[in-house]
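Every number in this text was worked out from the coordinates using simple rules, so none of it is lab data. Keep in mind the model is a prediction, meaning the values are calculated, not measured. Using ideal geometry, Cβ is built from the backbone for each residue, glycine included, and neighbour counts are taken over all protein chains shown.
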Amino acid sequence: MSFIVDYYNYWIVVFLMMAGFYIVISANNLVKKIVGLNIFQTSVFMMYISIGKVQGGSAPIVADGITSYSNPLPHVLILTAIVVGVATTAVGLALVVRIKRAYGTVEENEFEDKDALI
Amino acid sequence: MILEVISTILLILGAFFSLTGAIGLFRFPDFFTRVHAASVTDSIATILIITGLILRTDFDLVAVKLLFILIFLLLTSPTASHALAKSARHGGLLTLAEIRESKKGDND
Amino acid sequence: MVELIDLVLLGMLAITALRVIFLKDLFAVVMLFGLYSFLSALIFVNLDAVDVAFTEAAVGAGISTVLMLGTLALTGRKEKANNHTALLPLLVVIITGAALIYGTLDMPPFGHPDNPAHQHVAPRYIEESPKEIGLPNMVTSVLASYRAFDTLGETAVVFAAAIGVLSLLGMPKPGGVAIDSGLKSHLVLRVVAKLVIPMTILFALYVQFHGDYGPGGGFQAGVIAAAAVILYALVFGLPLATHVVRPNFLKVLAALGVLIYAGTGVTSFFLGGNFLDYNVLASDPVVGQHIGIIVIEFGIGITVFAAMLGIFYGFAAQAERTNIQ
């Protein structure tokens, strides 16, 4: 039982990561692929934060009467990663918009067919 | 002690209204009744839960912050429900009664 | 009890992710993704990462969702049914997942205080940062002082991403003719937006300058301030918003933020310290640290605000152009 309590967090993170991965490789629509990438990304964030958690610890802000804090380092890494993540997602979405302009579709197989014709 | 009891009652009531809102969201027949159910969670449940939480603080900065959150939510959530219902209406969605009416009209 | 909440939230996340796989309506997919972000923000709170939760709620559920909806407006909301089999991807995913799960068995148990991750630099940050930096919020201390160089890089990435989006999509021309945004008749929405926007900007300033003491900082503040202007643009139309915050002004702002950040580093150079070593900024090292952190957080806030708003302008300009055509 303690085995499950020790590891369930990591397992669910792996499940989420694989759900995102599946969307990325199986979806045909580029917008959906980007949603899948984001799900994948968030699961990585969750992994880091899980590693930083200390049982019985508190948020890493100094307060009276608290002796145990969670690890602040993963929080810093992930905080910046989230903002960078949305910025790169925006670049991806902008590319999708341009692809729609150029090909008239955002379905992967359709614009690959059009590429093959040229 | 009395505060704690009152706050517990408020929190339980808030949880109850959230639950009814969620059940309504699933069980109600059409869009507008569902929005109505969801907005119950937005308004009354928020008021009850946040008031319950305020009673549990030492009436310091935390209570003031909770009060601000309450005011903010009371402004925004009903607006969101309103905008949702209005744009559905704008998009041409009919209420259940109107659908029945139009069906009756077809039969005559 | 905490574990129970955690488990329920993680379960809801898993259900949301599964639903995203099978839905064909992209509008619903994007909405579910917003939900997913909010749920993960709740999990971050539960795992003590309040700063991260704050950022995720503002960025993931706010800005990302708006950008994705903007893309959907341009590309269409239906995913076409694809007829090739999904067997191979499923197989790949199952094998990778099994390998990863096997890998987790070698990881240290979740939340144990003796884990290797808590043995090296973290104790130093936790014990020394209140004395060396003098700020209660350790995340801000680490972000803006100990790992300032890293954060400079991240800010530059945000700036670069904004440039990328703008070169792909282009900025709207300022002062265009206001076409009906479809929200003209929403009187309630307009009144409430007018009430909410000033409060949001005030809150962004609070988050910006209170980030040393509580959760918050430049990243969150920039995103919240950008969200306020985005709300303005959504309710009152893009042309009015470009009158208030001009696109060219945004370009200057985005560069200015990175310059302020790097300039602080160069200043500390000239005062005899290392790059981004704030100790030399004042005679008292702790005061110097405080000055340095406030200045670079301000730089971060400006860049993130300008980058996020610029990205939104790029998408909105495209949507506007398509509407006219």
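Among C:Val244, C:Val223, C:Val192, the largest mean-square fluctuation in a Gaussian network model of chain C, built with springs joining Cα atoms closer than 10 Å, belongs to C:Val192.
Once the Cα atoms are used to define both axes, helix B:61-90 deviates from the longest principal axis of chain B by about 0 degrees. By the beta-carbon count within 10 Å of each Cβ, the least crowded to most crowded order of C:Asp114, B:Asp42, C:Asp48, A:Asp113, fewest first, is C:Asp114, A:Asp113, B:Asp42, C:Asp48. Seen from C:Ser129, the other residues with C-beta closer than 12 Å to its C-beta sum to a net charge of -1, counting Lys and Arg as +1 and Asp and Glu as -1. Between the C-alpha center of the stretch B:1-66 and that of the stretch C:95-130 there is a gap of 37 Å.
Please state the shape class of the protein assembly as shown: rounded when a/c is under 1.5, otherwise prolate if a/b exceeds b/c and oblate if not, all from the C-alpha gyration tensor. It comes out rounded by the Cα gyration axes. Per residue of peptide C:150-161, the mean number of Cβ atoms on other chains within 10 Å of the residue Cβ is 4. Candidate cross-link partners of C:Lys173 among the aspartates and glutamates, defined by an alpha-carbon separation under 19 Å and a same-chain spacing of 8 or more, comprise C:Glu320.
Centre-to-centre separation between the Cα atoms of the stretch C:1-58 and those of the stretch C:274-325: 27 Å. By the count of neighbouring beta-carbon atoms within 10 Å, fewest first, C:Tyr206, C:Tyr125, C:Tyr102, A:Tyr48 end up ordered C:Tyr102, C:Tyr206, A:Tyr48, C:Tyr125.
Taking a sphere under 14 Å around the Cβ of A:Ile25 and counting the other residues whose Cβ falls inside, with K and R at +1 and D and E at -1, yields a net charge of +1. Residues whose amide H lies under 5 Å from that of A:Tyr69, counting only those 5 or more places away or on a different chain, are A:Ser58; hydrogens are built 1.01 Å from N in the peptide plane. Other residues whose C-beta falls under 14 angstrom from the C-beta of C:Gly314 contribute a net charge of +4, scoring Lys and Arg +1 and Asp and Glu -1.
Once both labels are positioned 7 Å from their Cα atoms along Cα-to-Cβ, the gap between B:Leu96 and C:Ile95 label points is 5.2 nm.
Backbone N atoms of the stretch C:217-247 closer than 16 Å to the 7 Å Cα→Cβ label point of C:Ala255 belong to residues C:247.
Scanning residues 5 or more positions from A:Asn29 or on other chains, those with amide H under 5 Å from its amide H are A:Glu108, with H placed 1.01 Å from N in the peptide plane. The overall shape of the stretch C:1-110, judged from the alpha-carbon gyration tensor, is oblate: a/c is not under 1.5, and a/b is no greater than b/c.
Exposure proxy ranking for C:Leu42, A:Leu73, based on other Cβ atoms within 10 angstrom of each Cβ and starting from the fewest, stands as C:Leu42, A:Leu73.
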